[in-house]
Structure formats: structure tokens, C-alpha cells
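Note sheet for the following structure.
Coordinate-derived values only; no laboratory data. Nothing here was measured: the structure is a model prediction, and the numbers come from that model. Cβ: placed from backbone, ideal geometry, glycine included. Neighbour counts: every protein chain shown.
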Amino acid sequence: MESDSQLKNAILLYNEAREIEPRGPKLADRMQKLQRLVKIASMPVKVTIESDNLTAVAVYKVGRLGRFDVRELELRPGTYTIVGSRDGYQDVRQKIMVKSGRQPIRVTVICRVKI
């Protein structure tokens with residue numbers, strides 16, 4: 001449930017399933033699991049990105065963040081790609097996996113290799 005549309009579809013499915021009567025034990029169990037997954041997928045995790053105020057940073061699925069020293073984001077669980085770019089330097093790219101229930105994530109994005 002990394003994307004907004006996947007999360008919305010899961011919520012819609014859960015709401016539709018709540019309307020079903022009579023509800024057997026298998027459906028009740030699946031509904032409980034889906035509700036737990038939606039709750040987990042909705043809880044953001046703190047991600048701290050450090051840079052050098054010279055590298056322009058962008059996070060796919062979030063947007064361009066620009067240049068900065070430290071920036072904190074609240075991201076839902078999923079996989080994110082962070083890209084740093086700077087004129088005259090090789091771009092850097094990192095993939096991070098955000099999982100709920102984990103400690104805050106700290107990432108450094110700095111372009112260091114001259115081209």
C-alpha cells in the first residue's frame with residue numbers, strides 16, 4: 001500500500017466488506033487483517049535528510065526539496081528514491097525502505113564526485 005491509490009482502494013474494500021451480512025469467521029478474520037494493514041500503512045515514519053546546502057535534493061513520490069542542511073519528513077511506509085544533484089558533480093541516488101514501527105531514519109545526500 002505504498003501509493004495513495006492503493007491505500008484508498010484498501011479502505012474502500014474494507015468499508016464495502018463491513019456492509020456484508022451475515023459475516024462468517026473467514027471474512028471477519030480477513031477484515032481484521034486488512035484493517036490492521038491499513039492502520040500500519042497510514043502511520044508516518046520520521047525521515048531526516050542531511051545535505052550540504054549545495055546539493056539539490058528530490059524525493060520521488062514527494063517532490064523537490066531544494067538545497068538545505070537538514071530536513072525532516074514524515075513518510076508513510078514504502079520504498080522511496082532520494083536523488084541529489086549539483087552542477088559539475090555526479091548525481092547521487094539512494095533507495096530507502098520506510099517501515100512502520102522502526103526508529104527514525106537518517107539519510108545523507110551530498111554530491112562529492114566532480115565530473
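Extension gain Leu12-Arg71, at 0.36 nm per residue separation less the Cα-Cα distance, in nm? Spell out each step's value before the answer.
Numbers: separation 59, 0.36 × 59 = 21.24 nm, distance 3.35 nm.
Extra length from Leu12 to Arg71 when fully extended: 17.9 nm.
Rounding to the nearest 20 debye, state how big the charge dipole of the chain is about its Cα centre with +1 on each Lys and Arg Cβ and -1 on each Asp and Glu Cβ.
Values: 22 positive and 13 negative charges, 62 e Å.
In total the dipole reaches around 300 debye.
How do Asp4, Asp52 line up, fewest other C-beta atoms within 10 Å first?
On the way: Asp4 10, Asp52 16.
Starting with the residue having the fewest Cβ neighbours, the order is Asp4, Asp52.
Name the residue from Val113, Ala28, Gln6 whose Cα lies farthest towards the positive end of the charge dipole of the chain, charges +1 on Cβ of Lys and Arg and -1 on Cβ of Asp and Glu.
Of the options given, the answer is Ala28.
Determine the calculated [θ] at 222 nm for the chain from helices alone, applying -39500 (n - 2.57) to every DSSP H run no shorter than 4 residues and normalising by the residue count; nearest 500 deg cm²/dmol.
-9500 deg cm²/dmol
Amide H of Phe68: which non-local residues (sequence gap of 5 or more, or other chain) have their own amide H closer than 5 Å, using H built in the peptide plane?
So Phe68 has HN proximity to Asp52, Asn53, Leu54, Thr55.
Output the 0 to 90 degree angle, nearest 10, between the alpha-carbon long axis of helix 25-42 and the longest principal axis computed from the alpha carbons of the chain.
Between the helix axis and the principal axis of the chain, the angle is about 20 degrees.
For semi-axes √(5λ) of the Cα gyration tensor in Å, the choices are [x] 40, 12, 10; [y] 28, 19, 13; [z] 20, 16, 14; which was calculated from the structure?
Among [x] 40, 12, 10; [y] 28, 19, 13; [z] 20, 16, 14, the one calculated here is [x].
Can you tell me how much longer the chain between Met31 and Thr108 gets when fully stretched, taken as 0.36 nm per residue apart minus their C-alpha distance, in nm with one decimal?
On the way: separation 77, 0.36 × 77 = 27.72 nm, distance 3.97 nm.
Stretched fully, the Met31-Thr108 segment lengthens by 23.8 nm.
Once you've got the GNM for the chain with C-alpha springs shorter than 10 Å, pick whichever of Pro44, Pro22, Pro77 has the biggest mean-square fluctuation.
Largest GNM mean-square fluctuation: Pro22.
Assuming a strict under-17 Å limit between Cα atoms, what lysine pair count do you get for the chain once near-sequence pairs (fewer than 8 apart, same chain) are dropped?
Total qualifying Lys-Lys pairs in the chain comes to 9.
So who's got an amide H within less than 5 Å of the one on Thr108, skipping anything under 5 residues away but keeping other chains? H placed 1.01 Å off N, in plane.
Glu50
So what are the ³J(HN,Hα) numbers for the range 96-113, from phi and the Karplus equation (6.51, -1.76, 1.60; θ = phi - 60°), rounded to whole Hz, Gly and Pro as x?
10, 10, 9, 10, 5, x, 9, 5, x, 9, 10, 10, 10, 10, 9, 7, 10, 8
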